[in-house]
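The values are calculated or read from the model by the stated rules, or taken from the named source; none is laboratory data. This one's a predicted model, so the numbers in the text were calculated from it and none came from an experiment. Methodologically, a virtual Cβ is constructed for each residue, glycine included, from the backbone with ideal geometry; neighbour enumeration extends over all protein chains shown.
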Amino acid sequence: SSGINAEYGKTNRTAVGTKISFDVEPKLCEKVSEEVASCPSSHDMRLGTLAGPNRALAVYSEGEEVIHMEGVVKTRFDTYQNQDSSRSYLSLKKFEVERKLVPERTIKFNTKAVNSFRPSTVSQKQLYTTRAQKEEKLAAKRIRLDKATVESMILKAFKKNQYISQKNLISITGQPEAYLKEFLSEMCVYNTKAPHKNTWELKPEYRHYESSASKEMETD
């Protein structure tokens, strides 16, 4: 028999000349055996020929700009598993298939709380809607006072300022907007022109402003 040294193993040819076996390098089998129980170390190779013009094979090498023809394949080898390596070979192929079926990404559950910053995804429209909902809730919590008390609070507020916005009146009286507007429509005038646009002013019959003339009379 004759042997040919190679990186992955060597071939052994029998005296008959038609049967060749390939023995895998022991170091490679040791690496595979770390993951698989057994590794096929020997393979039977049967020598054959490529007959017919349609079964010719050629070997090419590619350079920088030119492709060279190195030669023609006249002999082929068919690899078979012998009785000693068939079980090891099937075990190896089974391991490869099972490894490919394992998902690359798996789900892991955290046992501890993770503090991470989460950016807000609230849009401007949703923000305004949220503010409107808060204002509605605040308005619902406001308790309606009796008529005399509300009128007294409005008159007291206008003694300090002649022109007051509706928002400030709601804050001063603490009354719901719809309920307060009933008093304002009865007692006040809404200004729609400058310089006191969008403010309320008392009607003449509800005004009790002290004029400068009256003050002078009191001092005399």
Kindly provide the set of residues from the stretch 181-196 that are surrounded by 11 or more Cβ atoms within 10 Å (Cβ to Cβ) and assigned to a loop (DSSP other than H, G, I, E, B), ordered by number.
HIS196
Go through (1) out of contact with any strand residue (DSSP E or B) (no Cβ under 9 Å at 6 or more places or on another chain); (2) within 30 Å of ASP44 (Cβ to Cβ); (3) at pLDDT 70 or above one by one and return the number of the condition ARG105 breaks.
(2)
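Looking only at residues in the stretch 45-78 that are within 15 Å of SER21 (Cβ to Cβ) and surrounded by 11 or more Cβ atoms within 10 Å (Cβ to Cβ), which one is modelled with the highest pLDDT? Before you say what the answer is, go through the steps one by one.
Our first condition is that a residue be within 15 Å of SER21 (Cβ to Cβ); within the stretch 45-78, this holds for 45-47, 77-78.
If we keep only those that are surrounded by 11 or more Cβ atoms within 10 Å (Cβ to Cβ) too, we end up with 45-47, 77.
Working: MET45: 78, ARG46: 75, LEU47: 73, PHE77: 74.
For the stretch 45-78, the residue satisfying everything is MET45.
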Just give me the residues in the stretch 65-93 being small (Gly, Ala, Ser) and over 50 Å from the mean Cα position of the chain (by Cα), in sequence order.
GLY71
Quick check on LEU155: is it at pLDDT 90 or above, in a helix (DSSP H, G or I) and not small (Gly, Ala, Ser)?
yes
